[in-house]
Amino acid sequence: MVFNTALSGIQAASKDLDVIGNNIANSATIGFKGSRAEFADIYTYNAYGTGSMAIGGGVRLSRVHQSFATGNLTPTNNTLDLAVNGSGFFILNDQGAKVYTRDGQFKLNNENYMVSSTNQRLTGLLADAGGNITGASGDLKINMANISPHASSLVTAGLNLSSDLKTKAPVADWVGGPTPASDTYNNPTSSTIYDSLGNSHVLTMYFIRADTAAPAGSPNASSPAGTDNQWYVAFQIDNQNVPANVGSNNTSNLFRANFNADGSFAGVTDTSNTALANNLIPLSLNLNNGANPLNFNVDLSNSTQFGSPFTVQSNHNDGYTTGSLAGLDIDESGVILGRYTNGQSLAMGQIQLANFADPESLQNLGSTNWVETIASGQPLVSGAGTGGLGLINSGMREESNVDLTSELVKLISAQRNFQANAQTIRTGDAITQTIINIR
């Protein structure tokens, strides 16, 4: 009996050493999850005793427990290195079968799919050509094609036009010709717009303070006639007046921007002083470069008229030229954004994470991959940061969660257990020999 008991102890200590050794060997393996051996005693009811008189029959391995505690996150210089800060697994496509991992060392294969270090494809929600995340799931692929140009359709400018500015000296033509004289306007600002072929054009806005003392319609007044809270706006595209001049001067192509007594924006009117819908100034220009005519609106509703100096607070347009992929960004929710040389960004998909009711019951396949089992339950798939899942950190790696110091202490303990059980066998053998010699 004593031999069997001691042998079970040796076997248990040997298995404990196997588990500890595996932990130590993988202490530097990215995404590795350490385990511990758990044991149970053996009791049998036989002729040697029953009930309180029963003698234990040794020990057995009950299970190997996996710890899915998050390992330390260390930074890298690679955007495609990902780490889950919290619970959850990356979902991989292994030739049609789903496997799960915490190893986020991804790369692009020759087909531009995001793949793991063992060449399994990362899966998630796909994006359409316009950068919208769809509800369809599949293998995540990076689109390396250039982004097409987009003609400008809206220019939004927010400026402060100083209420302290005086009207201009008498001139014959307000903002006329390709290079307007500086005494024909108060403040200018320029921005870049784009046509349908992605060619850039310079849009310049000239602001002229209205003159309350000027006779209406007088071409030689110090400034165009108007109220204290009114400014005239002239537009040029590539040094060409838009709209084109009518007559000997361009008084007919001036729009009006109106402000309230508190300096806030009140609205815009067209060249005939008619209020414009939604405060949008429509501009158009035919081009001779093969592109479609420029047709866009200018929105000045973010502008003010305060006592401070002229300031351009914001200037934005929705057009852009063609661009090539310059890099990738992956945010905490797993959205993959392509950055282009034209300043645009486009979503290419969203990484999904999976969790399980009992992740400790997942089957370990090696290579830091797991598959679901009946005991683990089916995967609960969601976006990072939702449903109790952790956030995704780009440019980070999750180190092994093995505490090397703790494992070395366990190693000494397991060694002593092995030696103690071996000593039990030696003692039992000595007793047996003594009994034999007595006979």
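The values are calculated or read from the model by the stated rules, or taken from the named source; none is laboratory data. Just so it is clear, the model here is predicted, and its values are computed rather than measured. Here the Cβ is made from the backbone with ideal geometry for all residues, glycine too, and neighbour counts use every protein chain on show.
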Check your understanding: What single numbered condition from (1) within 30 Å of PRO149 (Cα to Cα); (2) out of contact with any strand residue (DSSP E or B) (no Cβ under 7 Å at 6 or more places or on another chain); (3) of a type in the set (Phe, Trp, Tyr) fails to hold for TYR340?
Key -> (2)
Exercise for review: Have a look at ASN112, ASN119 and point out the one that is more than 25 Å from LEU380 (Cα to Cα) and either without any contact (Cβ under 8 Å) to a residue 40 or more places away in the chain or hydrophobic (A, V, I, L, M, F, W, C) (or both).
Suggested key: ASN112
Point to revise | Qualifying residues in the range 143-168 (those that are of a type in the set (A, V, I, L, M) and over 29 Å from the mean Cα position of the chain (by Cα)) - the one nearest to ASN260 (Cα to Cα) | key: LEU161
Review point. Does GLY138 count as closer than 26 Å to SER264 by Cα and modelled with pLDDT of 90 or more?
Key: no
Review point. Which condition breaks for THR212 when tested against (1) surrounded by fewer than 17 Cβ atoms within 10 Å (Cβ to Cβ); (2) of a type in the set (Val, Ile, Thr); (3) modelled with pLDDT of 85 or more?
Key: (3)
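Any chance the range 365-373 includes a residue that's acidic (Asp, Glu) and at pLDDT below 95?
No, the conditions are met nowhere in the range 365-373.
Could you please give the count of residues in the range 136-156 that are part of a strand (DSSP E or B), in contact with a Leu (Cβ under 9 Å, 6 or more places away or on another chain) and not small (Gly, Ala, Ser)? Before the answer, list the steps.
First, pick out the residues of the range 136-156 that are part of a strand (DSSP E or B): 136-139, 141, 147, 150, 154-156.
From the residues that got through so far, the ones that are in contact with a Leu (Cβ under 9 Å, 6 or more places away or on another chain) too are 136-139, 141, 147, 154-156.
Add one more test, that the residue is not small (Gly, Ala, Ser), and what stays is 139, 141, 147, 154-156.
Here the count works out to 6.
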Check your understanding: What about GLY349, is it in contact with a Pro (Cβ under 9 Å, 6 or more places away or on another chain) and within 30 Å of SER152 (Cα to Cα)?
Key -> no
Practice item. Specify the residue that is nearest to ALA244 (Cα to Cα); the eligible residues are those in the range 278-330 that are of a type in the set (Asp, Glu) and surrounded by fewer than 17 Cβ atoms within 10 Å (Cβ to Cβ). Key: ASP318
**Study point:** Condition met for ILE392 (within 28 Å of ASN26 (Cα to Cα) and without any contact (Cβ under 8 Å) to a residue 12 or more places away in the chain)
**Key:** no
Study note, to complete from the structure: When the range 250-275 is checked residue by residue, the ones that are without any contact (Cβ under 8 Å) to a residue 12 or more places away in the chain and under 18 Å from TYR232 (Cβ atoms) are SER272, THR274, ALA275
Check your understanding: Looking at ALA384, is it surrounded by 13 or more Cβ atoms within 10 Å (Cβ to Cβ), in contact (Cβ under 8 Å) with a residue 40 or more places away in the chain, of a type in the set (A, V, I, L, M, F, W, C) and over 18 Å from THR101 (Cβ atoms)?
Key -> no
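Yes/no per residue for (1) within 42 Å of the chain's Cα centre (by Cα); (2) surrounded by 15 or more Cβ atoms within 10 Å (Cβ to Cβ); (3) not in a strand (DSSP E or B); (4) not assigned by TED's automatic domain parsing to the domain that holds ASN22:
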site: ALA347; (1), (2), (3), (4): yes, yes, no, yes
site: ILE351; (1), (2), (3), (4): yes, yes, no, yes
site: ASN364; (1), (2), (3), (4): yes, no, no, yes
site: GLN419; (1), (2), (3), (4): no, no, yes, no
site: THR427; (1), (2), (3), (4): no, no, yes, no
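In the set SER314, SER308, SER301, which member is hydroxyl-bearing (Ser, Thr, Tyr), more than 20 Å from LEU389 (Cβ to Cβ) and not in a loop (DSSP other than H, G, I, E, B)?
SER314
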**Study point:** Subset of the range 72-104 [surrounded by fewer than 19 Cβ atoms within 10 Å (Cβ to Cβ) and under 18 Å from the mean Cα position of the chain (by Cα)]
**Key:** LEU73, PRO75, THR76, ASN77, ASN78, THR79, ASN85, GLY86
Practice item. Determine, yes or no, whether ASP358 is among the acidic types (Asp, Glu) and within 30 Å of GLY86 (Cβ to Cβ). Key: yes
Review point. Only one of ASP228, ASP183 is surrounded by fewer than 19 Cβ atoms within 10 Å (Cβ to Cβ), more than 41 Å from the chain's Cα centre (by Cα) and either at pLDDT 90 or above or not in a loop (DSSP other than H, G, I, E, B) (or both); which?
Key: ASP183
Check your understanding: Is the range 14-31 home to any residue that is assigned to a strand (DSSP E or B), under 35 Å from the mean Cα position of the chain (by Cα) and at pLDDT 85 or above?
Key -> no
